[in-house]
Structures are given as C-alpha cells and as structure tokens.
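The values are calculated or read from the model by the stated rules, or taken from the named source; none is laboratory data. Computed from a predicted model, the values in this text were never measured in an experiment. Backbone-built Cβ (ideal geometry, glycine too); neighbour counts: all protein chains shown.
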Amino acid sequence: MKPRPAADQAARRGGLRRDAERNRDRIVRAARELFAERGLAVGFNEVAHHAGVGVGTVYRRFADKEELIHAALREPLGELAEVAQRAGEAERAWDGLELLLGSITELLVDNLGLRDVALGGGGWRLGRTTVERVAEVLQHLLDRARAEGDLRDGVAGDDVVMILWLVTDLAQHSVQVRPGLYRRYLQVMLDGLRAAPGRSPLVEKPTEQQMLTICRRWAGAPL
C-alpha cells in the first residue's frame, strides 16, 4: 500500500479537526439549551442525544461535567457580571438593588442552569468568581441602602437569595398559565425589604382560575 502524500494527510487531519470542532459546538449548544430549560441535573447521555452525537464524543471533548457547564454558561455568566457592574454604579443604592434583583431574576428565570450556579451556595466551582462578585455588589448595595434609610433593619444577603429562589421557582409553575407573573411577587418582596412601603402600582394580579391552576402545578396535583 502506497503511503499517503503529505498533502493528503494534512488535509485529512484538517478535516478531522473541523469535524471535532463542529461536534464540540453542537455539544455546547445542546448543553446550553438543556441546562437553561432543566437545570444542571442534565447528564452527558441527554446532552449527547440532544446534540445528535454519541456519548463517547462528549467525553472526548470534555474532561468532566464542570468543563461542559463552563462552556455552556460562559455567556450567561458574563451577562450576570455586567448586571452587577451596572447596579453597583447606581447613584442611589435602592435603585441599584431594584436593578440588580430585577435583572438577575430575568436571567435566572430564562436559564435554570445559571440559577443553579448563582444560587447553589458554591456547589459548582465554575462561575465562582462571578457569583462572588455579584455577592459583593449586593452586600455593598445593602449596606449603602441601609445607611441611606431605604432598607429595613435586619435584612441580609441570604434573605435576597431566598427571595430569588422563591420568585424564580414560581416562574416555572406559572409560565404556561401567566408568563411574567413572578414580577408581581418580586415587587411585593422588594417592598418587604424597604424601610417604608413603596408606592408603585403592582403588576396586575392573576385571576382566581389562574391562581388555582398555578397552585395545582406547584403541588403536582391533577389539573
């Protein structure tokens, strides 16, 4: 058998590299979609199926799940960092808090994988620098808002984390019944953090039937 010409071997290696790169892109895109929709509990087998590749291909492209999550969430984590930057620059701390919580809630509602990283208490190594930076901005805004007389005594960063869990979880149960309803309850909870109640009108409340349906979804009861 004649040896392949060097040019042919180089072209073949180049084609393999392009195939590998395309497979990696497909895997990252599939992981990004699944993590956003279902959170970080999604496994390699599900990602491979969604990407249309074998699970062995996923393992060849990514050493472990942390590496895949990092690739899939790089952009959302960047958006989270940008939100914190803008919020921290607000002239009045309360305005920064409203911007931070409102924008973060939007991001976490749209991406459950990002929610797992941001609110998971350091359970994932990736994104830790970004999450720590957001926590620093949040604490700085809380301290400033308290000094400016806008924040009630006793409110801590952990209270905000719980609020974000509650509101984003509600969003998952109400999205098919009343998308955006979570904004009403975020507003109610934000008012609960204030030294004095806010005066802005609440987002329109759900109908009795919508509320009943949402509660049944939350409880896992028959509709």
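Scan region 49-70 and report the pairs whose first residue is without any contact (Cβ under 8 Å) to a residue 12 or more places away in the chain and whose second residue is part of a helix (DSSP H, G or I), with Cβ atoms within less than 7 Å and a gap of 6+ or a chain change.
Gly54/Ala48; Val55/Phe44; Val55/Asn45; Val55/Ala48
Taking into account only those residues within region 1-28 that are among the aliphatic types (A, V, I, L, M) and at pLDDT below 90, which is surrounded by the fewest Cβ atoms within 10 Å (Cβ to Cβ)?
Only one residue tops the list, namely Met1.
For region 157-213, give me each residue that is among the charged types (D, E, K, R) and over 21 Å from Asp143 (Cα atoms).
Passing the criteria: Asp169, Arg178, Arg183, Arg184, Arg199, Glu204, Lys205, Glu208.
Among the residues of region 177-197, which ones are surrounded by 15 or more Cβ atoms within 10 Å (Cβ to Cβ) and either outside any helix (DSSP H, G or I) or outside the structural domain of Ala93 (by TED's automatic domain parsing) (or both)?
Val177, Arg178, Leu181, Arg194
For region 30-66, how many residues are part of a helix (DSSP H, G or I) and in contact with a His (Cβ under 9 Å, 6 or more places away or on another chain)?
5
Among the listed residues Val134, Val160, identify the single one that is more than 14 Å from the chain's Cα centre (by Cα), outside the structural domain of Ala41 (by TED's automatic domain parsing) and surrounded by 18 or more Cβ atoms within 10 Å (Cβ to Cβ). Let's see the steps before the verdict.
Numbers: Val134 fails: more than 14 Å from the chain's Cα centre (by Cα).
Of the residues listed, the single one that is more than 14 Å from the chain's Cα centre (by Cα), outside the structural domain of Ala41 (by TED's automatic domain parsing) and surrounded by 18 or more Cβ atoms within 10 Å (Cβ to Cβ) is Val160.
Among all residue pairs at least 6 apart or on different chains, which show Cβ distances below 7 Å where the first residue, located in region 175-194, is under 18 Å from Ala93 (Cβ atoms) and the second is acidic (Asp, Glu) and outside any helix (DSSP H, G or I)?
That search, which allows pairs on different chains as well, returns Arg194/Asp150.
In region 120-144, which residue that is farther than 15 Å from Leu164 by Cβ and of a type in the set (Gly, Ala, Ser) is modelled with the highest pLDDT?
If we take residues in region 120-144 being farther than 15 Å from Leu164 by Cβ and of a type in the set (Gly, Ala, Ser), then Gly127 is modelled with the highest pLDDT.
Looking at Ala31 and the list (1) crowded, with 21+ Cβ neighbours inside 10 Å; (2) under 24 Å from Thr129 (Cα atoms); (3) at pLDDT below 95, which single condition is not satisfied?
Here Ala31 clears every test but (3).
Please go through region 34-81 and give me each residue that is loosely packed, with under 15 Cβ neighbours inside 10 Å and at positive phi, ordered by number.
Result: Gly52, single match.
One residue is enough: does region 113-122 have a residue meeting the conditions without any contact (Cβ under 8 Å) to a residue 24 or more places away in the chain, in a helix (DSSP H, G or I) and touching a Leu at 6+ places or on another chain (Cβ under 6 Å)?
Taking every residue of region 113-122 in turn, none turns out to be without any contact (Cβ under 8 Å) to a residue 24 or more places away in the chain, in a helix (DSSP H, G or I) and touching a Leu at 6+ places or on another chain (Cβ under 6 Å).
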